[in-house]
Structure formats: structure tokens, C-alpha cells
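One structure below.
The values are calculated or read from the model by the stated rules, or taken from the named source; none is laboratory data. All values derive from a computational prediction rather than experimental measurement. All Cβ positions, even for glycine, are placed from backbone atoms using ideal geometry, and neighbour counts span all protein chains on display. When the accessible area is computed, the model is the full protein with side chains, heavy atoms only, and any ligands, DNA or RNA have been set aside. Shrake-Rupley method; radii C 1.70, N 1.55, O 1.52, S 1.80 Å.
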Amino acid sequence: MTPHRIAALYDIHGNLPALDAALAAAENAGVDTILVGGDVVLGPMPADCLDRLRASGSRTLFIRGNCDRLVVEAFDGAPSRRLPAPVAETIAWTAAQLDREQRDFLAALPETLTLDVDGLGPVLFCHATPRSDEEIVTARSSDDRMRTVLHGVDERIVVCGHTHMQYERDVDDVRLVNAGSVGMPYGAPGAHWLLLGPDPRFQRTAYDLDAAARAVRATPYPRAEEFARQSVLHPPSEEEMLALLGE
């Protein structure tokens, strides 16, 4: 059956209050499929977020993000690269919150998924780009770079995330749409996500930020205070992040 309406929820990063708000908004919007675009667990409430999403059964589909991959590597004790100490600490802590079955679920996720969407046809979902789970492209990336990134893609619409900023770009006959981030947005506070069917529409769902910040601070997450302040209460602006990314 062709999904009539899809909620694309990307980059949740263990932020359960934001996830719950996005799920409630998606339900109110009448979606029949939830597409989880990766980076579910790296954050303060990792197992809870994964369990919440899996509880809805077959109507929720997943692809893997780069942070999910890194958490699996940490669970296995075999990191593929040397990371800055604060980042490695949060990844190791997140991995320690998961059990073997949750690890295996994340490890088995596909990197991309194509779904037929009513009014849009085949839509390719990837975490960062169709060829990489960590490649960075933004609203300011050149057309030539975008053409390289999208080379060989057959679908006319590609949905991505990873950079935590919503945007869309038309490059030749392909539209690239970034769903933004549910749990760690850059720009305005809230849970950012994408509604598809019949057209892609950016969504930002408000939730109780003060209560969420208190819940984050109550966790033993190694960077809980930073997460509460910078990912919940006062996210950095898009301009700040674009400058940081060199775009």
C-alpha cells in the first residue's frame, strides 16, 4: 500500500520530550507511516526513545544514522576512529544504556530506504546523503557539490537530515529536503520534523522546554547540562552553525 502521509523524524538524539511532542503532532496530522531518519539514541534518554518508536510496530520504519553506527561500535568495543574525549564519553555512556537486542536492532538498520508517497512518487530517505551517513551538505552548498552528492540517484525527491537544519534545494531535476532535527535543532527551539504527502512541509512542534530541560538534567548523561541549555532551551542559530560548518 502506498503511504498517503509520512512523518519524517530525524536526529532525535535521546530527547524523549521532543520525540513525544513530534509523535503526538504527527498523529494529529493523520500520518500512516513514521520514518525515523537516524541518530535516535545518542543523547540523554536513549533506550526510552528507541523503545517509544518501536512500540508502534510496523507503521514505524527506520534508517541508521552515523551516531547510531558509532554507538553500536562502542557497544562492541571496536570504535572505527579516534574521537574527541567528550564525544567518545557520550557515545560510550549511550552504548552502556542499551541491551544486546537494542544494539542488534540498530546494527541491522538500512542506510537508505525508498518509499512511494501519495502525490510524490518514490522518495529516497537517507541520513546525511545517499552515499554517506556523515557527509555534510547545507542550504549554502554549491550546485556542483550537490550534483556530485546526488549523482546516480533515480528518485526525484531525497529526504535527509544530519545537519539539524531544515531546508530544501532543487538541483536539476532532484529536490533535496532536510527534515531538521527533533531533539537537537539549530534555529528556533522545538521539535523540527517533516510531513510528506502530498507535498513536503516543514513542521516545528512546541513542547514544554523548561520541563524537558529539567528531565534532561535529571539524567546521568555526561553532558546533560550542556544538552539542556543548547539543545532544548537555547539552540544555536542556523547562521552560527553554517559558519561553524564552513558553509
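Tabulated results
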{"item": "Failed condition for Ala18, given (1) buried (at least 24 other Cβ atoms within 10 Å of the Cβ); (2) out of contact with any Lys or Arg (no Cβ under 7 Å at 6 or more places or on another chain); (3) under 21 Å from Glu135 (Cα atoms); (4) not aromatic (Phe, Trp, Tyr)", "result": "(3)"}
{"item": "Qualifying residue in region 21-32 (condition: surrounded by fewer than 21 Cβ atoms within 10 Å (Cβ to Cβ), in contact (Cβ under 8 Å) with a residue 60 or more places away in the chain and not in a helix (DSSP H, G or I))", "result": "yes"}
{"item": "Elements of type helices (runs of 4 or more DSSP H) contained in region 42-160, each with 1 or more residues being open to solvent by less than 60 Å² (accessible area, probe 1.4 Å) and more than 30 Å from Ser237 (Cβ to Cβ)", "result": "46-54, 66-76, 85-96, 100-107"}
{"item": "Some residue of region 197-219 being basic (Lys, Arg), closer than 14 Å to Met45 by Cβ and either open to solvent by less than 70 Å² (accessible area, probe 1.4 Å) or in contact with a Ser or Thr (Cβ under 8 Å, 6 or more places away or on another chain) (or both)", "result": "no"}
{"item": "Unique residue being part of a loop (DSSP other than H, G, I, E, B), out of contact with any Phe, Trp or Tyr (no Cβ under 9 Å at 6 or more places or on another chain) and within 20 Å of Ala128 (Cβ to Cβ) when the list is Pro198, Pro185, Pro236", "result": "Pro185"}
{"item": "Search result, residues across region 33-50 that are more than 16 Å from Leu195 (Cβ to Cβ) and either free of Cβ contacts under 8 Å to residues at least 24 places away in the same chain or of a type in the set (Val, Ile, Thr) (or both)", "result": "Val40, Val41"}
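Matching residues to (1) under 20 Å from Gly37 (Cβ atoms); (2) free of Cβ contacts under 8 Å to residues at least 24 places away in the same chain; (3) not small (Gly, Ala, Ser):
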residue: Ser181; (1), (2), (3): yes, no, no
residue: Ala191; (1), (2), (3): yes, no, no
residue: Gly197; (1), (2), (3): yes, no, no
residue: Leu209; (1), (2), (3): no, no, yes
residue: Pro222; (1), (2), (3): no, no, yes
residue: Leu242; (1), (2), (3): no, no, yes
residue: Gly246; (1), (2), (3): no, yes, no
